Amino acid sequence: MPGIEDSKLMEQATDAMADTFDKDPVAVLTGIYTGDGSRQWVFYTTSTNIFGQQTQTASSGSGFIITQDGYVVTNHHVVAGASSIKVTLYNGDTYDAALIGSDSDYDVAVLKINAEGLQPVTLGDSADVNVGDYVLAIGNPLGELTFSMSQGIVSSCNRAINVDGTPFNMIQVDCSINPGNSGGPLMNLYGEVVGIVSAKYSTYSTTTVEGLGFAIPISDVKSIITDIMENGAVTDKAYMAITAGTMTAQMAAQYSIDVTQGVFVYSVVEGGAGDKAGLRLGDVITKLNDTTLTSRQDMSAAMKSYRAGDTVTLTVYRDGQYITTELTFDAQPQTTGSDTDDTTTDNGGGYSGQIPENWQEFYNYFFGSRRG
């Protein structure tokens, strides 16, 4: 049961949130949110129907304002594929929004509206969030109940989840999170944004789970948001310049390898970070610094903590023994229309079926005599 001090703090927080709404800090995409300046928005996605006709569908989400001159943060999946975006403020003002940039690896997007003198949110530190802390989620649930707030507690601070092959570190909460809440702020009782709510990760196999919600820790993406604002994309992403996949027991038996978990190296880009570190076809990476890697997703998650130029120690299983090697990350090449690393693949641990550039070496490794 909450104590007296908790009740007083909750009362103060409620008053502070009321002031926040009065100052027009929340937005709707059609509806978005801002900490002391929230917003919500509506956006339109274009698709082709079964008759080959182009159709537009209106969707909705949430977000929050981070600068007085109209920069807005939301989820990448909220605006992905949108042909137009409108942001509606708490006072009813609606603005056309421009997409500055987004990144699917971090599920973050930054928008810009033509407005001045807005009330931005205050960003907190998600490292200070503890299990049992009270939190508040503000957004646009169901795309209709604009500027709604729900209360809950933190259930887990570092919940690792995997969505469509992309690993995420999340704050798990029991606030009421519904479609339309995505992109909105998760706030502590001091009114600070400690996470970005995502309804997408609160459903599994099309089933919505009661009392289970997730938010991206704000401290994990502060630098990402700044990078997008300044450069329109996330720059200097850590990049190994290898093609890799998940090692499995089936592969170990088939290719006579004595480890059943890790990251299997299919090929190495000549002159790239992996090549310079001495990685080669058939290596199984089992650790990145002190982080144990059991799958390609583990490696992707671990690499999010590093940028180009950072140096790490890899533990590699090769020819019956473990070795270590130093690797300095390259910068991931910027690609048009995609922010994903297409040199890293996961296909259930097996080969993807595409013929690699080093096909002869690949063939000899698996079907001929292996080099020592």
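The values are calculated or read from the model by the stated rules, or taken from the named source; none is laboratory data. Keep in mind it's a predicted model, so treat the numbers as computed, not measured. Reconstructed Cβ throughout: ideal geometry from the backbone, glycine too, with neighbour counts over all protein chains shown.
The C-beta contact set for region 160-180 (first residue over 14 Å from A215 (Cα atoms), second residue of a type in the set (D, E) and at pLDDT 75 or above, distance under 7 angstrom, 6+ apart or interchain) comprises T166/D105.
Of all residues in region 241-259, those that are out of contact with any Lys or Arg (no Cβ under 6 Å at 6 or more places or on another chain), of a type in the set (S, T, N, Q) and touching a residue at least 12 places away in the same chain (Cβ under 8 Å) total 3. Figure legend. Inter-residue proximity from region 221-240: first residues among the polar types (S, T, N, Q), second residues in a helix (DSSP H, G or I), beta-carbon distance below 7 Å, spacing 6+ or different chains. Indicated pairs: T235/D227. Could you tell me whether V131 is over 23 Å from G70 (Cα atoms), among the aliphatic types (A, V, I, L, M) and surrounded by fewer than 20 Cβ atoms within 10 Å (Cβ to Cβ)? It is true that V131 is over 23 Å from G70 (Cα atoms), among the aliphatic types (A, V, I, L, M) and surrounded by fewer than 20 Cβ atoms within 10 Å (Cβ to Cβ).
Looking only at region 59-84, which residues are over 15 Å from G183 (Cα atoms) and in a loop (DSSP other than H, G, I, E, B)?
From region 59-84, those over 15 Å from G183 (Cα atoms) are 67-70, 81, 83-84; that's our starting set.
Within region 59-84, T67, Q68, D69, G70, G81 meet the criteria.
Considering (1) at pLDDT below 90; (2) part of a helix (DSSP H, G or I), the lone condition that E210 does not fulfil carries the number (2).
Could you tell me whether region 224-231 includes any residue that is at pLDDT 90 or above, in a strand (DSSP E or B) and within 15 Å of the chain's Cα centre (by Cα)?
Step one: list which residues in region 224-231 are at pLDDT 90 or above, which gives 224-231.
Narrowing the set further to residues that are in a strand (DSSP E or B) leaves none.
The answer is no, given that none of the residues of region 224-231 is at pLDDT 90 or above, in a strand (DSSP E or B) and within 15 Å of the chain's Cα centre (by Cα).
The condition of being surrounded by fewer than 17 Cβ atoms within 10 Å (Cβ to Cβ) and at pLDDT below 90 does not hold for A137.
Against the test of being closer than 21 Å to N169 by Cα and at pLDDT 90 or above, the options T67, T74 yield a single qualifying residue, T74.
Filter region 83-100 down to the residues that are of a type in the set (G, A, S) and surrounded by fewer than 20 Cβ atoms within 10 Å (Cβ to Cβ) and list them by number. Before you say what the answer is, go through the steps one by one.
Going residue by residue through region 83-100, those that are of a type in the set (G, A, S) are 83-84, 92, 97-98.
Answer for region 83-100, where residues must be of a type in the set (G, A, S) and surrounded by fewer than 20 Cβ atoms within 10 Å (Cβ to Cβ): S83, S84, G92, A98.
In region 278-301, the qualifying residues are those that are under 20 Å from the mean Cα position of the chain (by Cα) and more than 10 Å from V263 (Cβ to Cβ), and the one that is modelled with the lowest pLDDT is A301.
State whether one or more residues within region 31-45 are among the acidic types (D, E), at pLDDT 50 or above and under 23 Å from I218 (Cβ atoms). Let's see the steps before the verdict.
Of all residues in region 31-45, those among the acidic types (D, E) come to 36.
Restricting the remaining residues to those that are at pLDDT 50 or above gives none.
Scanning region 31-45, I find no residue that is among the acidic types (D, E), at pLDDT 50 or above and under 23 Å from I218 (Cβ atoms), so the answer is no.
If the condition is being in a strand (DSSP E or B) and either touching a Gly at 6+ places or on another chain (Cβ under 9 Å) or at pLDDT 95 or above (or both), then region 302-320 contributes T311, V312, T313, L314, T315, V316, Y317, R318. For G245, the conditions (1) modelled with pLDDT under 90; (2) part of a strand (DSSP E or B) all hold with the exception of (1). When every residue of region 92-108 is checked against the conditions, at least one turns out to be touching a residue at least 12 places away in the same chain (Cβ under 8 Å), under 19 Å from V194 (Cβ atoms) and among the aliphatic types (A, V, I, L, M).
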